[in-house]
Amino acid sequence: MSWINDMFHTEKPIIGLLHLKALPGDPLFYKDGNTMEDVIRSARQDLEALQEGGVDGVLLTNEFSLPYQKKVSSVSLAAMARVFGAISKNIKVPYGLEAIYDPDATIELCAATDAKFTRCVFTGAWVGDLGLIDRDIGRTLRLKSALRLDDLRLTYFINGEGEVYLNDRDLNDIAKTMIFNCMPDCLVVAGGMAGDGPGTSRLAGIKQSAGNVPVFCGTGCNAENVESILSVADGAYVGTTFKKNGEFSGRIDVNRVAEFMGKVREIRAKGKKWEKRI
(Lines give C-alpha, C1' and ligand atoms only; values in the text may rest on other atoms or scores of the structure.)
Protein backbone atom coordinates (compact mmCIF):
# COMPACT_ATOMS: atom_id res chain seq x y z
CA MET A 1 0.00 0.00 0.00
CA SER A 2 1.38 3.43 -0.93
CA TRP A 3 1.65 6.25 1.59
CA ILE A 4 -1.07 8.04 -0.41
CA ASN A 5 -3.56 5.21 0.08
CA ASP A 6 -2.54 4.87 3.69
CA MET A 7 -3.19 8.57 4.36
CA PHE A 8 -6.12 9.41 2.09
CA HIS A 9 -7.69 5.96 1.55
CA THR A 10 -7.59 6.34 -2.22
CA GLU A 11 -4.89 6.29 -4.88
CA LYS A 12 -6.26 9.41 -6.60
CA PRO A 13 -6.80 11.93 -3.77
CA ILE A 14 -8.21 15.39 -4.28
CA ILE A 15 -6.74 17.81 -1.76
CA GLY A 16 -8.84 20.92 -1.32
CA LEU A 17 -6.92 24.16 -0.91
CA LEU A 18 -8.07 26.24 2.05
CA HIS A 19 -6.92 29.71 1.01
CA LEU A 20 -6.69 32.03 3.99
CA LYS A 21 -7.65 35.64 3.51
CA ALA A 22 -4.87 38.23 3.84
CA LEU A 23 -3.18 38.25 7.25
CA PRO A 24 -1.87 41.05 9.49
CA GLY A 25 1.13 42.65 7.79
CA ASP A 26 -0.09 41.72 4.30
CA PRO A 27 -0.99 44.69 2.07
CA LEU A 28 -4.42 43.21 1.24
CA PHE A 29 -5.28 42.80 4.93
CA TYR A 30 -5.54 46.55 5.37
CA LYS A 31 -6.85 47.27 1.88
CA ASP A 32 -9.80 44.92 2.41
CA GLY A 33 -10.43 46.05 5.98
CA ASN A 34 -10.02 42.56 7.43
CA THR A 35 -9.76 41.50 11.05
CA MET A 36 -8.44 38.20 12.35
CA GLU A 37 -12.00 37.24 13.22
CA ASP A 38 -12.91 37.73 9.54
CA VAL A 39 -10.02 35.47 8.52
CA ILE A 40 -11.05 32.77 11.00
CA ARG A 41 -14.73 32.97 10.05
CA SER A 42 -13.96 32.59 6.33
CA ALA A 43 -11.55 29.73 6.99
CA ARG A 44 -14.13 27.87 9.05
CA GLN A 45 -16.80 28.33 6.36
CA ASP A 46 -14.46 27.19 3.59
CA LEU A 47 -13.34 24.17 5.60
CA GLU A 48 -16.96 23.16 6.15
CA ALA A 49 -17.73 23.51 2.43
CA LEU A 50 -14.67 21.50 1.37
CA GLN A 51 -15.40 18.66 3.77
CA GLU A 52 -19.14 18.59 3.10
CA GLY A 53 -18.37 18.51 -0.61
CA GLY A 54 -16.24 15.40 -0.10
CA VAL A 55 -12.55 16.27 -0.57
CA ASP A 56 -9.98 13.69 0.56
CA GLY A 57 -7.68 16.15 2.34
CA VAL A 58 -7.16 19.85 3.02
CA LEU A 59 -4.09 22.08 2.65
CA LEU A 60 -4.25 25.41 4.51
CA THR A 61 -2.18 28.13 2.82
CA ASN A 62 -1.57 31.88 3.15
CA GLU A 63 -2.74 32.31 -0.43
CA PHE A 64 -3.66 35.99 -0.17
CA SER A 65 -0.40 37.10 1.44
CA LEU A 66 0.41 38.80 -1.85
CA PRO A 67 3.07 39.63 -2.85
CA TYR A 68 4.64 36.54 -1.26
CA GLN A 69 7.67 36.81 1.01
CA LYS A 70 10.80 34.73 0.49
CA LYS A 71 11.05 34.50 4.26
CA VAL A 72 7.59 34.51 5.78
CA SER A 73 7.24 36.96 8.67
CA SER A 74 6.67 35.88 12.25
CA VAL A 75 3.31 37.65 12.36
CA SER A 76 2.10 35.66 9.33
CA LEU A 77 3.12 32.37 10.94
CA ALA A 78 1.50 33.38 14.23
CA ALA A 79 -1.69 34.32 12.39
CA MET A 80 -1.76 31.03 10.48
CA ALA A 81 -1.26 29.10 13.71
CA ARG A 82 -4.07 31.08 15.34
CA VAL A 83 -6.45 30.28 12.47
CA PHE A 84 -5.52 26.61 12.57
CA GLY A 85 -6.07 26.51 16.33
CA ALA A 86 -9.50 28.06 15.92
CA ILE A 87 -10.68 25.55 13.31
CA SER A 88 -8.63 22.45 14.15
CA LYS A 89 -11.44 20.67 16.02
CA ASN A 90 -13.57 20.88 12.87
CA ILE A 91 -11.00 19.16 10.63
CA LYS A 92 -12.13 15.64 9.73
CA VAL A 93 -9.76 14.77 6.87
CA PRO A 94 -5.95 14.54 6.60
CA TYR A 95 -4.55 18.06 6.59
CA GLY A 96 -1.42 20.00 5.82
CA LEU A 97 -0.20 23.60 6.07
CA GLU A 98 2.01 25.64 3.75
CA ALA A 99 3.73 28.99 4.28
CA ILE A 100 4.04 29.84 0.60
CA TYR A 101 7.60 30.22 -0.77
CA ASP A 102 9.27 29.52 2.59
CA PRO A 103 10.17 25.83 3.04
CA ASP A 104 11.72 26.18 6.50
CA ALA A 105 8.77 28.18 7.86
CA THR A 106 6.47 25.56 6.34
CA ILE A 107 8.32 22.78 8.17
CA GLU A 108 8.13 24.68 11.47
CA LEU A 109 4.43 25.38 10.97
CA CYS A 110 3.79 21.69 10.32
CA ALA A 111 5.68 20.78 13.50
CA ALA A 112 3.50 23.13 15.55
CA THR A 113 0.23 21.82 14.10
CA ASP A 114 0.86 18.07 13.70
CA ALA A 115 0.31 18.35 9.95
CA LYS A 116 0.38 15.09 7.98
CA PHE A 117 1.72 16.48 4.70
CA THR A 118 2.74 19.73 3.04
CA ARG A 119 3.64 21.29 -0.29
CA CYS A 120 6.20 23.95 -1.20
CA VAL A 121 8.95 25.02 -3.60
CA PHE A 122 11.58 23.05 -1.70
CA THR A 123 14.39 22.91 -4.26
CA GLY A 124 16.22 24.79 -6.97
CA ALA A 125 16.90 28.39 -7.93
CA TRP A 126 14.24 30.40 -9.70
CA VAL A 127 13.71 33.90 -11.04
CA GLY A 128 10.41 35.66 -11.60
CA ASP A 129 8.16 38.44 -10.35
CA LEU A 130 9.36 37.92 -6.77
CA GLY A 131 13.03 38.18 -7.78
CA LEU A 132 15.58 35.45 -7.16
CA ILE A 133 14.30 32.45 -5.18
CA ASP A 134 17.11 30.20 -3.99
CA ARG A 135 16.29 27.10 -1.96
CA ASP A 136 18.51 25.16 0.46
CA ILE A 137 16.96 21.69 0.57
CA GLY A 138 19.86 20.31 2.63
CA ARG A 139 19.05 22.70 5.47
CA THR A 140 15.30 22.13 5.13
CA LEU A 141 15.56 18.34 5.39
CA ARG A 142 17.91 18.63 8.35
CA LEU A 143 15.36 20.90 10.05
CA LYS A 144 12.68 18.30 9.39
CA SER A 145 14.93 15.64 10.89
CA ALA A 146 15.80 17.76 13.93
CA LEU A 147 12.10 18.33 14.62
CA ARG A 148 11.51 14.55 14.31
CA LEU A 149 8.88 14.97 11.63
CA ASP A 150 9.65 11.49 10.36
CA ASP A 151 6.10 10.87 9.13
CA LEU A 152 5.51 14.29 7.54
CA ARG A 153 5.08 13.80 3.80
CA LEU A 154 6.69 16.45 1.60
CA THR A 155 5.26 17.16 -1.85
CA TYR A 156 7.72 19.18 -3.92
CA PHE A 157 6.83 21.62 -6.67
CA ILE A 158 9.01 20.61 -9.60
CA ASN A 159 8.32 23.96 -11.25
CA GLY A 160 7.31 27.35 -9.93
CA GLU A 161 4.14 29.28 -10.74
CA GLY A 162 5.38 31.98 -13.09
CA GLU A 163 9.10 31.46 -12.40
CA VAL A 164 11.89 30.26 -14.65
CA TYR A 165 14.34 27.63 -13.39
CA LEU A 166 17.90 28.99 -13.60
CA ASN A 167 19.22 26.26 -15.86
CA ASP A 168 18.30 24.92 -19.28
CA ARG A 169 17.42 21.37 -18.24
CA ASP A 170 14.16 19.72 -19.20
CA LEU A 171 11.65 19.14 -16.37
CA ASN A 172 11.73 15.41 -17.08
CA ASP A 173 15.47 15.36 -16.38
CA ILE A 174 15.02 17.58 -13.32
CA ALA A 175 12.50 15.06 -11.96
CA LYS A 176 15.11 12.28 -12.06
CA THR A 177 17.83 14.21 -10.25
CA MET A 178 15.40 15.80 -7.78
CA ILE A 179 14.26 12.34 -6.74
CA PHE A 180 17.85 11.07 -6.44
CA ASN A 181 19.26 14.10 -4.57
CA CYS A 182 16.33 15.51 -2.60
CA MET A 183 14.09 12.57 -1.62
CA PRO A 184 10.58 13.95 -2.30
CA ASP A 185 7.55 11.94 -1.26
CA CYS A 186 5.69 13.34 -4.26
CA LEU A 187 6.29 15.76 -7.14
CA VAL A 188 3.80 18.57 -7.83
CA VAL A 189 3.47 20.02 -11.33
CA ALA A 190 2.19 23.58 -11.65
CA GLY A 191 0.90 25.81 -14.40
CA GLY A 192 1.70 29.51 -14.64
CA MET A 193 -0.55 30.58 -11.75
CA ALA A 194 -3.51 29.54 -9.60
CA GLY A 195 -6.28 28.22 -11.86
CA ASP A 196 -3.87 27.60 -14.77
CA GLY A 197 -3.02 23.94 -15.36
CA PRO A 198 0.25 22.33 -16.54
CA GLY A 199 -1.29 20.21 -19.30
CA THR A 200 -1.48 16.42 -19.43
CA SER A 201 1.52 16.05 -21.75
CA ARG A 202 3.78 17.73 -19.20
CA LEU A 203 2.29 15.63 -16.41
CA ALA A 204 2.80 12.47 -18.45
CA GLY A 205 6.46 13.22 -19.17
CA ILE A 206 7.25 13.92 -15.52
CA LYS A 207 5.26 10.87 -14.41
CA GLN A 208 7.33 8.65 -16.68
CA SER A 209 10.56 10.11 -15.29
CA ALA A 210 9.39 9.87 -11.68
CA GLY A 211 9.08 6.09 -11.61
CA ASN A 212 7.52 5.01 -8.31
CA VAL A 213 7.37 8.54 -6.88
CA PRO A 214 3.82 9.94 -7.08
CA VAL A 215 3.07 12.98 -9.24
CA PHE A 216 0.26 15.44 -8.41
CA CYS A 217 -1.28 18.18 -10.50
CA GLY A 218 -0.70 21.37 -8.54
CA THR A 219 -2.88 23.94 -10.31
CA GLY A 220 -5.67 24.27 -12.84
CA CYS A 221 -7.56 21.03 -12.22
CA ASN A 222 -11.27 21.51 -12.95
CA ALA A 223 -14.41 19.52 -13.80
CA GLU A 224 -13.63 19.65 -17.52
CA ASN A 225 -10.06 18.29 -17.36
CA VAL A 226 -10.03 16.20 -14.17
CA GLU A 227 -10.55 12.91 -16.01
CA SER A 228 -7.58 13.47 -18.31
CA ILE A 229 -5.46 14.68 -15.38
CA LEU A 230 -6.26 11.67 -13.18
CA SER A 231 -5.55 9.35 -16.09
CA VAL A 232 -1.92 10.44 -15.65
CA ALA A 233 -1.44 12.02 -12.23
CA ASP A 234 -1.69 10.30 -8.84
CA GLY A 235 -3.81 13.09 -7.35
CA ALA A 236 -4.40 16.82 -7.44
CA TYR A 237 -4.43 19.96 -5.32
CA VAL A 238 -7.62 21.85 -6.20
CA GLY A 239 -8.56 25.39 -5.22
CA THR A 240 -9.89 27.94 -7.68
CA THR A 241 -12.47 25.71 -9.38
CA PHE A 242 -14.11 25.05 -5.99
CA LYS A 243 -14.84 28.75 -5.52
CA LYS A 244 -17.98 30.67 -6.43
CA ASN A 245 -18.09 31.09 -10.21
CA GLY A 246 -14.61 29.52 -10.37
CA GLU A 247 -13.02 32.84 -9.43
CA PHE A 248 -9.77 32.93 -7.46
CA SER A 249 -10.95 35.69 -5.11
CA GLY A 250 -14.22 33.94 -4.23
CA ARG A 251 -15.20 31.71 -1.30
CA ILE A 252 -15.61 27.94 -1.50
CA ASP A 253 -18.94 26.86 -3.02
CA VAL A 254 -20.04 23.52 -1.52
CA ASN A 255 -22.14 22.73 -4.59
CA ARG A 256 -19.14 23.12 -6.90
CA VAL A 257 -17.07 20.90 -4.60
CA ALA A 258 -19.77 18.22 -4.47
CA GLU A 259 -20.25 18.26 -8.26
CA PHE A 260 -16.50 17.96 -8.83
CA MET A 261 -16.06 15.16 -6.30
CA GLY A 262 -19.04 13.32 -7.77
CA LYS A 263 -17.24 13.27 -11.10
CA VAL A 264 -14.03 12.12 -9.39
CA ARG A 265 -15.89 9.20 -7.80
CA GLU A 266 -17.17 8.20 -11.25
CA ILE A 267 -13.62 8.31 -12.58
CA ARG A 268 -12.31 6.24 -9.69
CA ALA A 269 -15.03 3.65 -10.23
CA LYS A 270 -13.59 2.96 -13.70
CA GLY A 271 -10.57 1.35 -12.05
CA LYS A 272 -10.70 -0.73 -8.89
CA LYS A 273 -7.46 0.62 -7.51
CA TRP A 274 -8.93 4.15 -7.59
CA GLU A 275 -12.04 3.28 -5.64
CA LYS A 276 -12.60 4.94 -2.29
CA ARG A 277 -12.18 2.45 0.51
CA ILE A 278 -15.12 2.36 2.92
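The values are calculated or read from the model by the stated rules, or taken from the named source; none is laboratory data. Remember, it's a predicted structure, so these values are computed and weren't measured experimentally. Ideal geometry is used to build each Cβ from the backbone, glycine not excepted, and the neighbour counts take in all protein chains shown.
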Does region 159-167 contain at least one residue that is more than 29 Å from Ser249 (Cβ to Cβ), surrounded by fewer than 16 Cβ atoms within 10 Å (Cβ to Cβ), among the aliphatic types (A, V, I, L, M) and at pLDDT below 95? yes
Taking region 1-36 and keeping residues part of a helix (DSSP H, G or I) and either of a type in the set (Lys, Arg) or touching a helix residue (DSSP H, G or I) at 6+ places or on another chain (Cβ under 9 Å) (or both) leaves Asn5, Phe29, Lys31, Met36
Hits in region 93-134 - residues which are out of contact with any strand residue (DSSP E or B) (no Cβ under 7 Å at 6 or more places or on another chain), of a type in the set (D, E, K, R) and within 23 Å of Asn181 (Cα to Cα): Asp102, Asp104, Glu108
If only one of Lys70, Lys144 is out of contact with any His (no Cβ under 9 Å at 6 or more places or on another chain) and surrounded by fewer than 18 Cβ atoms within 10 Å (Cβ to Cβ), which one is it? Lys70
Where a residue in region 116-133 is of a type in the set (Lys, Arg) and its partner, wherever it lies, is surrounded by 15 or more Cβ atoms within 10 Å (Cβ to Cβ) and assigned to a loop (DSSP other than H, G, I, E, B), with Cβ under 9 Å and at least six apart: Lys116/Pro94; Lys116/Leu152; Arg119/Gly218
Tell me the residue from Thr200, Thr240, Thr155 that is within 17 Å of Val55 (Cβ to Cβ), modelled with pLDDT under 95 and hydroxyl-bearing (Ser, Thr, Tyr), please. Thr240
Can you report the number of residues in region 67-77 which are part of a helix (DSSP H, G or I) and closer than 11 Å to Ala105 by Cα? 3
Please pick out the residue among Val164, Val58 that is closer than 26 Å to Leu203 by Cβ and more than 18 Å from the chain's Cα centre (by Cα). Val164
